[in-house]
1. For the range 284-326, give me each residue that is buried (at least 18 other Cβ atoms within 10 Å of the Cβ) and either aromatic (Phe, Trp, Tyr) or not assigned by TED's automatic domain parsing to the domain that holds SER376 (or both).
2. Need pairs with beta-carbon distance below 7 Å; first residue under 9 Å from CYS333 (Cα atoms) and within the range 346-367, second within 11 Å of the ligand (Cβ to nearest atom) and part of a helix (DSSP H, G or I); sequence gap 6+ or separate chains.
3. When the residues of the range 161-191 are narrowed to those that are part of a loop (DSSP other than H, G, I, E, B) and farther than 18 Å from LEU97 by Cα, which ends up farthest from the ligand (Cβ to nearest atom)?
4. Could you run through the range 156-173 and say how many residues are out of contact with any helix residue (DSSP H, G or I) (no Cβ under 6 Å at 6 or more places or on another chain) and not basic (Lys, Arg)?
5. Quick one: which of VAL351, VAL370, VAL332 is touching a Leu at 6+ places or on another chain (Cβ under 8 Å) and in a helix (DSSP H, G or I)?
6. Of the numbered conditions (1) surrounded by 14 or more Cβ atoms within 10 Å (Cβ to Cβ); (2) modelled with pLDDT of 95 or more; (3) away from the ligand (no atom under 16 Å from the Cβ), MET346 satisfies every one except a single condition; which is it?
7. Since GLY194 meets every condition but one in (1) more than 16 Å from the ligand (Cβ to nearest atom); (2) buried (at least 24 other Cβ atoms within 10 Å of the Cβ), which condition does it not meet?
8. Which residue out of VAL277, VAL271, VAL253 is aliphatic (A, V, I, L, M), in contact with a Ser or Thr (Cβ under 9 Å, 6 or more places away or on another chain) and either under 25 Å from GLU352 (Cβ atoms) or free of Cβ contacts under 8 Å to residues at least 60 places away in the same chain (or both)?
Amino acid sequence: MRLLTDEQKKWCETIGEFCKKEIEPIMLEWDKVVDPSKAIPFDAYAKAFKLGLNTFEIPEYAGGNKVDLHTAAVMYEEMGYYDGNFASVMQTTNLALKPVLIGGSDEQIKYFAKHILEGKGYAAFALTEPQSGSDAGSVLTTAVKDGDEWVINGEKCFITNGGEADIACVFAATDPSKGAKGLSAFMVPTTTPGFSVTKYEDKSGFRTISTCSLKFENVRVPAWNLVGEEGKGFTYAMKTLDKSRACVGALAVGIARRALDEALAFIKERVTFGKPVSTRQGIQWMVAEMATKIEVSRQMVIHANELQKQGLPFSKEAAMAKLFATESAMEVCTDAIQLMGGKGYMKEDCVEKMWRDIKAYCIFEGTTQVQKIVISGAVLSGKAN
Ligand SMILES: Cc1cc2nc3c(=O)[nH]c(=O)nc-3n(C[C@H](O)[C@H](O)[C@H](O)COP(=O)(O)OP(=O)(O)OC[C@H]3O[C@@H](n4cnc5c(N)ncnc54)[C@H](O)[C@@H]3O)c2cc1C
């Protein structure tokens, strides 16, 4: 049983009502759109922005509708339940402003939040480059100071919301000789001359959300667009990812919960050899394992967020939550298809789509292996309890 506050229950109702009306009826069709640059259901997402689903990690003084960490996790789980793509559009926009929330001034937070609130409603977090994924410190994009401006050159790849973002948080080397310690973060409005989208990735799943290559050719931004301090970009990026890992875990819990619900509905109805499939012990044990994985994942998300809320170290627990929840959700989606037999594998059913979508969650914001590096590093240091 989930323990929810009144506020959390209300958000679940709001998200449920919205998704049943605006997201569920269209997602399977939009998933089939062949051209990845045209696969974004803008109208439906715009309605979600009106509900504040892209800004609930942005403080009220900056125009957002910030909720506490546990409520945010409940909201991400609920959005994931209906559609992981839609949920990730919202989560990435919230994520993109986190470096400013971590390292920026109140004025910067207000100013950059405005780009999202008064723009189309999307933001992007642009860290990855062709040679720099897990090894995130090896960024080659550069930013050079020229008077009161920074001039950015380089390219990024696999950037979520890249094609729609009003503003992107871009990580660039301001002192390439210092490696990761020479990186800085910049807020770059996407209308700035020299900024271009060079590719929309054609993906296996996660199809109704853009994943783009971006190019920066002498992109000039005011000195003020430097987030926090020069040379602190890598620290801000890692802190951002630390803070958001439990959110990704929550999204995965939502996807897994839906996959289990779909499978349950099927096995209760489907009769083989004279009895519903759900009456077979081998099947019941699969159901028990799936439900347990979902509950453990949710509790790990709650625990990591509670540590973060109390100002205690939470890096290891957040990495564990992301690792366990995303890999478990992958297993639950695979098992859900198995439970549904041939029907589960067909594209007319949402479980097949969720199975393609969930794989991305095991890759972005730090792969499963990267989470293990974080966890084992903490454990081996002897500091983790
Ligand atoms: C759908 C999608 C959306 C994305 N959105 C964004 C975004 O919005 N912004 C952004 O900046 N990036 C984004 N990414 C990029 C994502 O963060 C990277 O793909 C991810 O960090 C892995 O980097 P890579 O693809 O270069 O793989 P690599 O780093 O090349 O890794 C290849 C494999 O080696 C493993 N590996 C690497 N190093 C080690 C090691 N030391 N020990 C053990 N195993 C290792 C990895 O786990 C992986 O299995 C997105 C990716 C996807 C798929």
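1. PHE314, PHE324
2. Correct list of pairs: MET354/GLY84; ILE358/GLY84.
3. Top of the filtered list is ASP175.
4. Counting residues in the range 156-173 that are out of contact with any helix residue (DSSP H, G or I) (no Cβ under 6 Å at 6 or more places or on another chain) and not basic (Lys, Arg) gives 10.
5. Of the residues listed, the single one that is touching a Leu at 6+ places or on another chain (Cβ under 8 Å) and in a helix (DSSP H, G or I) is VAL332.
6. It fails just one condition, (1).
7. Evaluating GLY194 over (1) more than 16 Å from the ligand (Cβ to nearest atom); (2) buried (at least 24 other Cβ atoms within 10 Å of the Cβ) leaves (2) as the failure.
8. VAL253
The values are calculated or read from the model by the stated rules, or taken from the named source; none is laboratory data. Since this is a predicted model, take the numbers as computed values, not measurements. Don't worry about glycine lacking a Cβ; one is built from the backbone with ideal geometry, like all the others, and counts go over all protein chains shown.
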